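Shown next, in structure tokens, is the structure this report addresses.
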Amino acid sequence: MIRKSVWLSVAAFLLFSAAKSGNADQVFGYETELDVVYGTGKIAPDGIQTERELRMDVYSPSAANADYTKAASVSDGPHPAVIYVHGGAHHRGGRRIEPFRLEAAVHSRPEDYARLLAPLGYVVFVIEYRLATEYPEPALAPGEGNLIADVDAYITPQVFEATVRARNAMGLPRLENSPEDRLYLWKAGLAGAEDANLALEFVIENAERFNIDPERIAMGGHSAGGGITLNVGIGMDAPLAAIFPLSGPNILFEHEAVMDHPDLPPTLLAYSQFDEHTQLSDLPGVVSLLREAGVEYSLSWIPGFAHFYPHNAVSLGDDGTRMSLGDRIISFLDVHLGSK
């Protein structure tokens, strides 16, 4: 009888805890909807092509603690939206990951950016995309749709070696830098961009469901996610109101073709002082592209950090401002999306 009472007490506690945890996020200014399927993508991990579902987590503003940092209430909507794309050398990462530590830095996770922005009135979509280890099959081939025809122009020796380091950290076999291996990496880069663009299309098509304004959508991400953001916002000329690629590499598209795109989105670039050689060597070309295309852009630096850094790290802007990276992103989004 005592044992039965104990089990009933435990069950009641678990039910109570589950009920509370379901609403716990509202206390912090946001609500979550997890594992939302936004489309499918072709993969061939065993040499046999199949399709897998692509998912996103949705963080929406909650009136329970609305906009606490501004002492004002978040409107009923429609809200501005942000699509956040994780990094990981196109080999690792996801919507929910453990804190990543390297060289005394604790890197902010995708969900950290969502929890930063959602209480301020933004609906944040943290997406996953097909990774290289899944052998994704993108819809386009090199040279199609303004894509760079020469795979080696994108998969440079620096890009290849940076990817090898990531693979080594994951315990994966070393690539041989053969044409087949370089095409394998190129496909992963393009597949990630196609998936992020598909996520954007899904969000626009479901604007009413998520209570967002389809004309006020931004995209951002770090490292590979930054490159994907540049590919979608600049290379694919997607209907984005703003982008914030963090430590992103060059794009997969021919620069001269991209320059003809009208109304490319305002861009906030951020790189760290000791960033990857690949990103830093690509930076002048990215800046030149934005300038010649007439894009409104700003460039900020995170001093003292390598490739990984938290969103509360100090950033130095090209306009002489000094603030945390998170505050800089918020300020940028408020200007171009107008959080309400």
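The values are calculated or read from the model by the stated rules, or taken from the named source; none is laboratory data. This is a predicted model, so every value here is computed, not measured. When we count neighbours, we look across all protein chains shown, and the Cβ atoms used for this are built from the backbone with ideal geometry, even at glycine.
Within the stretch 325-334, is even one residue within 23 Å of Phe202 (Cα to Cα), in contact (Cβ under 8 Å) with a residue 12 or more places away in the chain and of a type outside the set (D, E, K, R)?
yes
Hey, among Ala199, Ala191, which residue is surrounded by 16 or more Cβ atoms within 10 Å (Cβ to Cβ), more than 26 Å from Leu280 (Cα to Cα) and either charged (D, E, K, R) or in contact with a strand residue (DSSP E or B) (Cβ under 7 Å, 6 or more places away or on another chain) (or both)?
Selected residue: Ala199, the only one of Ala199, Ala191 that is surrounded by 16 or more Cβ atoms within 10 Å (Cβ to Cβ), more than 26 Å from Leu280 (Cα to Cα) and either charged (D, E, K, R) or in contact with a strand residue (DSSP E or B) (Cβ under 7 Å, 6 or more places away or on another chain) (or both).
Which one of these is outside any helix (DSSP H, G or I) and either under 20 Å from Tyr113 (Cα atoms) or modelled with pLDDT of 95 or more (or both): Glu215, Glu208?
Glu215
Taking the residues in the stretch 283-300 that are under 27 Å from Val164 (Cβ atoms) and under 19 Å from the mean Cα position of the chain (by Cα) as candidates, determine which candidate is surrounded by the most Cβ atoms within 10 Å (Cβ to Cβ).
Val286
Just to check your reading of the model, which residue among Leu185, Leu175 is out of contact with any Pro (no Cβ under 9 Å at 6 or more places or on another chain), crowded, with 18+ Cβ neighbours inside 10 Å and not aromatic (Phe, Trp, Tyr)?
From the options Leu185, Leu175, the qualifying one is Leu185.
What are the residue pairs meeting all of these: first residue in the stretch 219-235, first residue part of a helix (DSSP H, G or I), second residue aromatic (Phe, Trp, Tyr), Cβ atoms under 8 Å, and 6 or more apart or on different chains?
Gly225/Tyr84; Ile228/Tyr129; Thr229/Phe244; Asn231/Phe253; Ile234/Phe253; Gly235/Phe253
Restricting to the stretch 301-339, what's the tally of residues that are of a type outside the set (Val, Ile, Thr) and closer than 22 Å to Asp213 by Cβ?
Residues meeting the conditions: 8.
In contact with a Ser or Thr (Cβ under 8 Å, 6 or more places away or on another chain) and within 20 Å of Arg96 (Cα to Cα), is that true of Val203?
Against the criterion (in contact with a Ser or Thr (Cβ under 8 Å, 6 or more places away or on another chain) and within 20 Å of Arg96 (Cα to Cα)), Val203 does not qualify.
State which residue is farthest from Asp112 (Cα to Cα) when the search covers only the stretch 284-307 and only residues that are outside any strand (DSSP E or B) and touching a Phe, Trp or Tyr at 6+ places or on another chain (Cβ under 6 Å).
Per the criteria, the residue is Leu290.
Assess whether Arg109 counts as being touching a Gly at 6+ places or on another chain (Cβ under 8 Å), buried (at least 20 other Cβ atoms within 10 Å of the Cβ), in contact (Cβ under 8 Å) with a residue 12 or more places away in the chain and farther than 23 Å from Leu280 by Cβ.
Considered against the rule, which asks whether it is touching a Gly at 6+ places or on another chain (Cβ under 8 Å), buried (at least 20 other Cβ atoms within 10 Å of the Cβ), in contact (Cβ under 8 Å) with a residue 12 or more places away in the chain and farther than 23 Å from Leu280 by Cβ, Arg109 comes out as no.
What is the residue count in the stretch 287-306 for residues that are farther than 28 Å from Glu256 by Cα and either touching a Leu at 6+ places or on another chain (Cβ under 8 Å) or of a type in the set (S, T, N, Q) (or both)?
3
For the stretch 154-172, check the following and say yes or no: at least one residue is acidic (Asp, Glu) and closer than 29 Å to Glu111 by Cβ.
No, the stretch 154-172 has no match at all.
So for the stretch 143-154 (the condition being surrounded by 15 or more Cβ atoms within 10 Å (Cβ to Cβ), in contact with a Phe, Trp or Tyr (Cβ under 9 Å, 6 or more places away or on another chain) and among the small types (Gly, Ala, Ser)), does at least one residue qualify?
The answer is no; no qualifying residue exists.
Can you name the residue in the stretch 202-221 that is over 24 Å from Glu53 (Cβ atoms) and surrounded by 21 or more Cβ atoms within 10 Å (Cβ to Cβ) and is also farthest from the chain's Cα centre (by Cα) among such residues?
If we take residues in the stretch 202-221 being over 24 Å from Glu53 (Cβ atoms) and surrounded by 21 or more Cβ atoms within 10 Å (Cβ to Cβ), then Arg216 is farthest from the chain's Cα centre (by Cα).
Which of the residues spanning the stretch 73-88 are crowded, with 23+ Cβ neighbours inside 10 Å and at pLDDT 85 or above?
Initial filter on the stretch 73-88 (crowded, with 23+ Cβ neighbours inside 10 Å): 74, 79-87.
Passing the criteria: His79, Pro80, Ala81, Val82, Ile83, Tyr84, Val85, His86, Gly87.
Note down all Cβ pairs under 9 Å where the first residue falls in the stretch 239-267 and is farther than 19 Å from Thr278 by Cβ, the second is assigned to a loop (DSSP other than H, G, I, E, B) and polar (S, T, N, Q), and they're at least six residues apart or on different chains.
Glu254/Asn146; Ala257/Asn146; Val258/Asn146
Hey, could you check the stretch 307-325 for residues that are surrounded by 17 or more Cβ atoms within 10 Å (Cβ to Cβ) and among the hydroxyl-bearing types (Ser, Thr, Tyr) and say which is modelled with the lowest pLDDT?
Among those that are surrounded by 17 or more Cβ atoms within 10 Å (Cβ to Cβ) and among the hydroxyl-bearing types (Ser, Thr, Tyr), it is Tyr309.
Taking interchain pairs and intrachain pairs at least six residues apart, which have beta carbon atoms under 8 angstrom, with the first residue in the stretch 175-189 and at positive phi and the second β-branched (Val, Ile, Thr)?
none
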